[in-house]
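Report on the following structure.
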Amino acid sequence: MRDRVRHRRQERHRGGHLLRGLPAGRELRDLPAGDGSHRRPPGCRHRDRGARGHRAARCGGRVAGDPRGCRGAAGDQGGRRQAAGPALRPARPRPRQNFGANQQADTEGAGLRRRHLSALVTGLVATALGLAWAGRPTIWYDEAVTLSLLERPFGDTWTVLREIDAVHGAYYVALRGWSLLAGDSIEAVRAFSALGVGVTAAAVVLLVARHQRLRTAVAAGLVCGIAPGLAWTALDGRSYAWSAAFAVLATLALENACRNRKRPRDWVLYGAVCVLACCWHLYLALLVVGHGAAVMVGFPKGRVPWTLTAVGTAIAGVPIGLVAWSQRDQVAWLTDTNYSGDRMLLNQLASGQAADPDWLRWVFAIGLIAFALLGIAKLWRKSRRWLPSVLALWGGVPTVVAVVCAVVADGGMHPRYVTFAVPAYAIAATVGAFALPRWTPAVAAVAGLAVVVPILVAQRGESAKPDDLRRLSATAAEVDADAVYFTVPKARSIAAAYPEPFEDEVDISADPDPELDPFFPTIRDAETIKGVDVDGLRVLVYGTRNDRAADRLRELGCRSEPVTTDRHFVVTLFTCPSLSPAAR
């Protein structure tokens, strides 16, 4: 800066005049000969800054051999005077853009309104797609847990959170508020998740529009809305859709803080969003780790404020972490956490619902990864380190942790726990698709839709969920039975999901003093069942594959007849003998 000021003063002292009105992007070498300007001679090494650049600009078509700059030939007064024509200001060096701000992404006025309107429309479209046929898939066990908690008084819910399931506490509390507006049906619960996918898509548009053209940003938002790895969450009454929304919102808050790194309130806002995100879904702590690595690589000037914010976030998140560790036994019963590394990656990126076509999911996952790598490489080649760094680490850190847990830890991790990484893949893949020449992005879009649409249709199938509780509950109306018996509390999820078929049935497994174990009422001790309790009754027994509580009925002389099975549940009809009057 001081060099430029000094040389301008020297030019004014010599009586030179600066050329005004030079077109944007034009430099000295771009001006044609004979218009009063001066070409850069072949031997003159023009530079953008420093004294050598100014001497090169004043060489006036002379051939220079002096390494210190261009020295004029004899007769030009030792090169101290210029030839005829005005003196030219050397081109300023283009500053390195850490954030790669898009010139069309205006921060005020019409440009900002256009971005916000585009984000709103994209979010509404993604929400509408999520709501399409949302009530058609059957309710599964986790959703039955959600519905059972909504039906209880808030005091009971608070007991469950304090003792069993605090990691989902923020979701249950928010869903309570939503149910006051929309009701507590499964359609209303899934609508809350569809809204989360819409918020994710809208936030993606706002994030990408800061770096790319608006059409690229809108396309990225739409891709997030239909990506199978995220679209299934719109049909699921759990917290995973909003965990993806929190991931994008936290990334937006981080970028605002880095752009205004000396403004403390932006860092405080980023820390608050991170704390709320970790309370919503504990595995979002992996996102914070990815953010830190992205700051180190893409914006080193933000290392100190990010570190201070991360420390504050960690301190605020310690209580929820300790509570979650103390309640880790609540997932000990899970039987679907043993994945191989490739299946973990496939189910994370391309969904893992029961009805999803497997080979189409592989095609989508491979294409998504390929286009994502292309997009990150394109952004990195443009010397814009921030966006490729944050996308690579946002998507990479959770994925690597999940795959390593699948390979090394032999279970304990489920692909849905890292669903929040899918928007990073979708954004990078969209940028990669738009990097293709001419009409090839349109071809890639058509091919992507041809792969995605069958998966989205399969996700809306009646038996698309891990547990088909609708079909299991229907047996209570189809089978002529006098009573029902639930062998374990988990089996009560069938009646919690679809209570109508069980309203007129006698429940011989009901505990006189029930407790929550952990989400449904406890079961009566099987040893307390006497022959008189099942005298001449046809008992429809609902149990899991691993429990043997129905053996008590066999001991009483009841004959078993299989009815139907599911991945986790077994339905059996027991016909019990009639007791003699003396035995009664």
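The values are calculated or read from the model by the stated rules, or taken from the named source; none is laboratory data. Just so it is clear, the model here is predicted, and its values are computed rather than measured. Positions of Cβ are backbone-derived with ideal geometry, glycine not excepted, and every protein chain shown enters the neighbour counts. Note: accessible area is taken over every heavy atom of the protein model, side chains too, but ligands, DNA and RNA are not part of it. Shrake-Rupley method; radii C 1.70, N 1.55, O 1.52, S 1.80 Å.
Please work out the FRET efficiency for the pair S578 and E151, using the Cβ-Cβ distance as r and a Förster radius of 45 Å; give the result to the nearest 0.05. E between S578 and E151, to the nearest 0.05, is 0.75.
A simple spin-label model places the labels of E527 and K262 7.6 nm from each other, with each point 7 Å out along Cα-to-Cβ. Take the Cα of V297, step 7 Å toward its Cβ, do the same at V173, and the gap between the two points is 3.5 nm. Alpha carbon centre of the stretch 484-563 versus the stretch 358-425: separation in Å? Result: 45 Å between the Cα centres.
Using only the alpha carbon atoms of the stretch 469-575, find the Kirkwood hydrodynamic radius as the inverse mean reciprocal pair distance, in angstroms to one decimal. Taking every pair of different Cα atoms in the stretch 469-575, averaging 1/r and inverting gives 13.7 Å.
Taking all protein chains in place and a 1.4 Å probe, what share, in percent, of the accessible surface of the stretch 469-575 do carbon and sulfur account for? Accessible surface attributable to carbon and sulfur in the stretch 469-575 totals 47 percent. Taking the charge dipole of the stretch 469-575 about its Cα centre, with +1 at Lys and Arg Cβ atoms and -1 at Asp and Glu Cβ atoms, the residue from Y485, V570, P514 reaching farthest to the positive side is V570. Other residues whose C-beta falls under 15 angstrom from the C-beta of L120 contribute a net charge of +3, scoring Lys and Arg +1 and Asp and Glu -1.
All other residues whose Cβ lies under 13 angstrom from that of S243 are scored, Lys and Arg at +1 and Asp and Glu at -1, for a net of +1.
Modelled spin-label separation between D551 and L180, with each label point placed 7 Å from Cα along the Cα-to-Cβ direction: 5.0 nm. Overall, the accessible surface of the stretch 184-294 at a probe of 1.4 angstrom is composed of carbon and sulfur to the extent of 67 percent. A 1.4 Å probe run over the protein chains yields, for the stretch 349-474, 40 Å² of accessible area per residue, whole-number rounding.
The fraction of all Cα pairs in the stretch 111-459 landing in successive 10 Å bins from 0 to the largest distance is 6, 25, 36, 25, 8, 0, 0, given as whole percents. Annotation: extensible slack from D480 through L269 equals 69.9 nm (criterion: 0.36 nm per residue apart, minus Cα-Cα distance).
Considering all different alpha carbon pairs of the stretch 431-518, the Kirkwood hydrodynamic radius works out to 17.2 Å. Over all projection directions, the Cα-based convex hull of the stretch 189-255 averages an area of 4.0 nm².
Between the residues L391, P319, V451, the greatest Cα displacement towards the positive end of the dipole of the stretch 111-459, with unit charges on the Cβ of Lys, Arg, Asp and Glu, is found for L391.
To the nearest 0.05, what FRET efficiency results for D358 and E503 with a Förster distance of 41 Å applied to their C-beta separation? Between D358 and E503 the formula returns 0.55.
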